[in-house]
Amino acid sequence: MTEPQPQPHASPLVTFPHMGTSYIPIKVLLESLGLTCIVPPINTPRTLEKSLIQAPEFMCYPFKLILGNLIYGLENGAQTIIFGGSQGPCRQEYYNDVLQSILKDMGYTFSYVTLNLSQLWSRHNYTAVRQAWGVHLGHILKSLALTVDTLFSVDSLSLSARRKRCRTSNKTAVETILHTLTDHVMQAHGHAAITHLVRQAHRHIRALPEEKSPEDILRVAIVGEIFVTSDAFSNLDIERKLGHMGVDVTTYMGPASWVREHLIKALNPFQKTGKAQELSREYWNVDDIGGHGVQTVGNSVLSSRRGYDGIIHLYPLTCMPEIAAQSAFSAIQNRYGVPIMTLVVDEMTGEAGYNTRLEAFVDMIRMRKSRNVNILNVDIPGYKRKQWARNSQKS
Ligand code: SF4
């Protein structure tokens, strides 16, 4: 009688939700840990088809998209969900409990691995990963290094895309390269293959010609809630729309800035508070109001000081930290004279009205720039006046 042969170990099927391009480094992380990913399709109206029926009506928009992604993952064979949680004054603290409860009520069976996103180096995270998949510390650290490498490659690709969109006259070229990358990444596996695709796309974007003159380019900063500022579907592709209107967009919040803050800087015991947090103190004497409300205020001050032509504040309907942050904007605009427009998004947002507001805002800041309107109301010590002052004599 022949001895039974050991069965090949089937790697566990894991799913996770989208947030912008974060699926690329997360795929690298999970595959480096020896897991198989069920990556939900990029967010579209279909993502919301089932989740809108299940989610509480006034739950945040990101929650509804996340739920839609997880439903897709479970329907396509995922046995485990990996997701992050954090503590704080906003609803994010309840995401994990509410997600699990809804999915169980829908009849799915799964295990749920929660990572502590506020303290990435915590023992909790190590224990959670080790218990779920039996991987040792060295393996986790190596996978993390590959993930961070991918994350920063994707971040610099996004930066080049934002820069190129407003400078090239071939409006479809950047989008075509990015869509092709998405299709290829979904089929590729492992750090080497995926970063090769990302770097190749980056080279193609850099090679596009730049025809627009620098005087025609406007600079706009996007501040606000991290999910909707990073996720193209939920912000109705704001970076593309602005880029095609000749706007060089800067976004402060995204997976790379978050990892820089919570993973890399957290290793430094002498770490000072971030620049945005420091600058927010001009208006608030608090460290945390939930989400990224403090950073929204600080980044608005930073962009005003850096002489941006305008600032767009984006947040999901009913997002408490961003509603609180919005209260500082009239004071910031009065002091620095840089226009700030707030856009609130959810599943009911109409694209036509949204586009009209964007176009009107861009027309207004272009007119201000062409008339050389004075945006400086006060002198700020330590900042170069000529860098951001406009000549009021000419207006
Ligand atoms: S930051 Fe805003 S959108 Fe995000 S969980 Fe908190 S309240 Fe909801």
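The values are calculated or read from the model by the stated rules, or taken from the named source; none is laboratory data. None of the values given here were measured: they were computed from a predicted structure. Cβ: placed from backbone, ideal geometry, glycine included. Neighbour counts: every protein chain shown.
Residue-by-condition table, conditions (1) of a type in the set (Asp, Glu); (2) buried (at least 19 other Cβ atoms within 10 Å of the Cβ); (3) away from the ligand (no atom under 16 Å from the Cβ):
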| residue | (1), (2), (3) |
| --- | --- |
| 248 | yes, yes, yes |
| 253 | no, yes, no |
| 261 | yes, no, no |
| 266 | no, no, yes |
| 274 | no, no, yes |
| 278 | yes, no, yes |
| 291 | no, yes, no |
| 299 | no, yes, no |
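Just checking, how many residues over the range 133-152 are of a type in the set (Gly, Ala, Ser) and crowded, with 16+ Cβ neighbours inside 10 Å?
Just the residues of the range 133-152 that are of a type in the set (Gly, Ala, Ser), to begin with: 134, 138, 143, 145.
After this cut, where a residue has to be crowded, with 16+ Cβ neighbours inside 10 Å as well, the list is 143.
Of the residues in the range 133-152, 1 are of a type in the set (Gly, Ala, Ser) and crowded, with 16+ Cβ neighbours inside 10 Å.
Read through the list (1) more than 15 Å from residue 115 (Cβ to Cβ); (2) away from the ligand (no atom under 13 Å from the Cβ); (3) touching a residue at least 12 places away in the same chain (Cβ under 8 Å), then give the number of the only condition that residue 64 fails.
All conditions pass for residue 64, except number (2).
Scan (1) among the aliphatic types (A, V, I, L, M); (2) assigned by TED's automatic domain parsing to the domain that holds residue 352; (3) more than 16 Å from the ligand (Cβ to nearest atom) for the single condition residue 222 breaks and write down its number.
Here residue 222 clears every test but (3).
Six or more apart or on different chains, Cβ atoms under 6 Å: show the pairs whose first residue is in the range 213-237 and basic (Lys, Arg) and whose second is away from the ligand (no atom under 16 Å from the Cβ) and not in a loop (DSSP other than H, G, I, E, B).
Taking only residues 6 or more apart or on different chains, the pairs are 219/248.
For residues that are surrounded by 14 or more Cβ atoms within 10 Å (Cβ to Cβ) and without any contact (Cβ under 8 Å) to a residue 40 or more places away in the chain, tally how many sit in the range 51-61.
Total satisfying the criteria: 2.
Look through the range 209-235, keep the residues that are surrounded by fewer than 19 Cβ atoms within 10 Å (Cβ to Cβ) and either among the small types (Gly, Ala, Ser) or in contact with an Asp or Glu (Cβ under 7 Å, 6 or more places away or on another chain) (or both), and return whichever of them is farthest from residue 161 (Cα to Cα).
213
Identify all residues within the range 156-187 that are touching a Leu at 6+ places or on another chain (Cβ under 6 Å) and modelled with pLDDT under 95; write none if there are none.
168, 173
Looking at (1) at pLDDT 95 or above; (2) part of a loop (DSSP other than H, G, I, E, B), which is the only condition residue 193 fails?
Result: residue 193 fails condition (2) only.
Of all the residues that make up the range 309-346, how many are without any contact (Cβ under 8 Å) to a residue 60 or more places away in the chain, β-branched (Val, Ile, Thr) and within 15 Å of residue 290 (Cα to Cα)?
Of the residues in that region, 1 qualify.
Name, by its number, the condition in (1) closer than 26 Å to residue 34 by Cα; (2) crowded, with 18+ Cβ neighbours inside 10 Å; (3) of a type outside the set (Ser, Thr, Tyr) that does not hold for residue 91.
(1)
Within the range 314-361, which residues are assigned to a loop (DSSP other than H, G, I, E, B), within 16 Å of the ligand (Cβ to nearest atom) and either within 20 Å of residue 251 (Cβ to Cβ) or not polar (S, T, N, Q) (or both)?
Filtering the range 314-361 down to residues assigned to a loop (DSSP other than H, G, I, E, B) leaves 317-319, 327-328, 337-339, 346-350.
From what's left, within 16 Å of the ligand (Cβ to nearest atom): 317-319, 327, 346-349.
Result: 317, 319, 346, 347, 348, 349.
Out of the range 81-98, which residues are in a helix (DSSP H, G or I) and within 12 Å of the ligand (Cβ to nearest atom)?
91, 92, 93, 94, 95, 96, 98
In a helix (DSSP H, G or I) and either assigned by TED's automatic domain parsing to the domain that holds residue 138 or in contact with a His (Cβ under 9 Å, 6 or more places away or on another chain) (or both), is that true of residue 24?
Yes; evaluated as a whole, the condition is true for this residue.
Can you run down the residue pairs with Cβ atoms below 8 Å, 6 or more apart or on separate chains, where the first is in the range 67-90 and touching a residue at least 60 places away in the same chain (Cβ under 8 Å) and under 20 Å from residue 294 (Cβ atoms) and the partner is assigned to a loop (DSSP other than H, G, I, E, B) and among the aliphatic types (A, V, I, L, M)?
89/289
Considering only the range 151-175, how many residues are in contact with a His (Cβ under 6 Å, 6 or more places away or on another chain) and under 26 Å from residue 30 (Cα atoms)?
Qualifying residue count, the range 151-175: 1.
Taking residue 298 and the conditions (1) within 18 Å of the chain's Cα centre (by Cα); (2) free of Cβ contacts under 8 Å to residues at least 40 places away in the same chain; (3) in a loop (DSSP other than H, G, I, E, B), which numbered condition does it fall short on, given that it satisfies the others?
(3)
Criterion first (away from the ligand (no atom under 16 Å from the Cβ) and over 21 Å from the mean Cα position of the chain (by Cα)) does residue 78 satisfy it?
Answer is yes for this residue.
Can you tell me which residue is farthest from residue 366 (Cα to Cα) among those in the range 271-295 that are over 21 Å from the mean Cα position of the chain (by Cα) and in a helix (DSSP H, G or I)?
By that ranking, first place goes to 278.
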